[in-house]
1. Restricting to the range 114-144, and then to whatever is in contact with a strand residue (DSSP E or B) (Cβ under 9 Å, 6 or more places away or on another chain) and in a helix (DSSP H, G or I), can you tell me which residue is nearest to Leu195 (Cα to Cα)?
2. What's the number of the only condition in (1) at pLDDT 90 or above; (2) surrounded by 15 or more Cβ atoms within 10 Å (Cβ to Cβ); (3) touching a helix residue (DSSP H, G or I) at 6+ places or on another chain (Cβ under 6 Å); (4) farther than 30 Å from Leu194 by Cβ that Arg40 fails to meet?
3. Which ones in the range 267-293 are closer than 22 Å to Gly191 by Cα and either among the aromatic types (Phe, Trp, Tyr) or touching a helix residue (DSSP H, G or I) at 6+ places or on another chain (Cβ under 7 Å) (or both)?
4. Which residues, taken from the range 58-73, are of a type outside the set (Lys, Arg), assigned to a helix (DSSP H, G or I) and open to solvent by 60 Å² or more (accessible area, probe 1.4 Å)?
5. Restricted to the range 112-144, and to residues that are farther than 23 Å from Arg40 by Cβ and among the acidic types (Asp, Glu), which residue is surrounded by the fewest Cβ atoms within 10 Å (Cβ to Cβ)?
6. If I filter the range 76-111 down to residues being in contact with a helix residue (DSSP H, G or I) (Cβ under 7 Å, 6 or more places away or on another chain) and open to solvent by 50 Å² or more (accessible area, probe 1.4 Å), which single residue comes out as farthest from Thr19 (Cα to Cα)?
7. Assuming Gly158 fulfils every condition listed in (1) surrounded by 12 or more Cβ atoms within 10 Å (Cβ to Cβ); (2) within 28 Å of Arg12 (Cβ to Cβ); (3) without any contact (Cβ under 8 Å) to a residue 60 or more places away in the chain; (4) among the small types (Gly, Ala, Ser) apart from one, which condition is it?
8. If I filter the range 277-293 down to residues being among the polar types (S, T, N, Q) and open to solvent by 30 Å² or more (accessible area, probe 1.4 Å), which single residue comes out as farthest from Leu237 (Cα to Cα)?
Amino acid sequence: MDAPTDDIATFRRFSREFTRRVGVLDDRYLHQDRPLGEARILYELDQGTSLRELRERLALDAGYLSRVVKKLQQDGLLETRSDADDRRVRLVRLTERGRREVAEQNRRADEAAAGLLGGLDARQREQLTAALRTAEELIRLSAVDIRPADPGSPEARGALRAYAEEIDRRFPEGYQAGELLPGDALRGERGVFLLAREAGIAIGCGGLRELEPGVGELRHLWIASTARGIGLGRRLLAALEAEAVRHGWKRLRLGTHRALTEAIGLYRGAGYREIEPYGDDPHNHHNFEKSLS
């Protein structure tokens, strides 16, 4: 969906004001001896990670990241080694000197934020921080990539396994991974499987299968706990409905457990109406249907 010109101008104006106020335009970010790019990579390494994960998380060019890591290593701030389980993967972590610099970076960043917030009264600070939380959630949501995936791929099976493990904990009667639909039911002309990814990591999934001509069924809708509260459930549900329309289905059905109160609220809010049970799944206490335009 194309954004209105006024919205684009507002976003760009805020970006210019914010970057000027927090000092990211200075080659010496927070008055330390390195630019923002190097400082941000040091910050992200506080818990240790692999170069591959760091590149995906920050959406960095591989060549740029390699050059920055090499410089920081020469400065004695980090060290790299091969993963014992996969020699192709390079792990990177801070040295003691690197940890001291990150601690000082955090202190200065807190001080800069306090300086900006200090110019506001309590009500204004509450307004600003609430607006910033909302902006963070919406920017995260806008950057999530949702697209079809092979339900038999390792990434998809990992998401489905996480779904099964969570509802096994939440259902009093439990749930076994063997109860998941086979991959063949969620691919081809009679099905589809969507994965939602943030920074290259799967944080949500959902599948559709054909029940009968013109009627599809939604199955295995899951959002990772780290991505809840930003509106991803609604966005993923809308993407699944669009796929159902593309498959030519006029109606979409689903069943859910009474324990999944947030899912029940999501479906009702999206226009699903409760119907009589249509299948024999013992976990379905509520059954819903929606007509698709």
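The values are calculated or read from the model by the stated rules, or taken from the named source; none is laboratory data. Keep in mind the model is a prediction, meaning the values are calculated, not measured. With ideal geometry, Cβ positions are generated from the backbone for all residues, glycine too; neighbour counts draw on all protein chains shown. Surface accessibility is based on the protein's heavy atoms, side chains included, excluding ligands, DNA and RNA. Shrake-Rupley method; radii C 1.70, N 1.55, O 1.52, S 1.80 Å.
1. So the first thing to find is which residues in the range 114-144 are in contact with a strand residue (DSSP E or B) (Cβ under 9 Å, 6 or more places away or on another chain), and the list is 140, 143-144.
Of the ones still in play, those that are also in a helix (DSSP H, G or I) are 140, 143.
Values: Arg140: 16, Ala143: 14 Å.
The qualifying residue nearest to Leu195 (Cα to Cα) is Ala143.
2. Going through (1) at pLDDT 90 or above; (2) surrounded by 15 or more Cβ atoms within 10 Å (Cβ to Cβ); (3) touching a helix residue (DSSP H, G or I) at 6+ places or on another chain (Cβ under 6 Å); (4) farther than 30 Å from Leu194 by Cβ one by one, Arg40 breaks only (3).
3. Answer for the range 267-293, where residues must be closer than 22 Å to Gly191 by Cα and either among the aromatic types (Phe, Trp, Tyr) or touching a helix residue (DSSP H, G or I) at 6+ places or on another chain (Cβ under 7 Å) (or both): Tyr267, Ala270, Tyr272, Tyr278, Phe288, Leu292.
4. If we filter the range 58-73 for residues that are of a type outside the set (Lys, Arg), which is where we start, we get 58-66, 68-69, 72-73.
Those left that are additionally assigned to a helix (DSSP H, G or I): 58, 62-66, 68-69, 72-73.
Result: Tyr64, Ser66, Gln73.
5. Asp121
6. So the residue we want is Arg90.
7. The failed condition is (2).
8. Asn284
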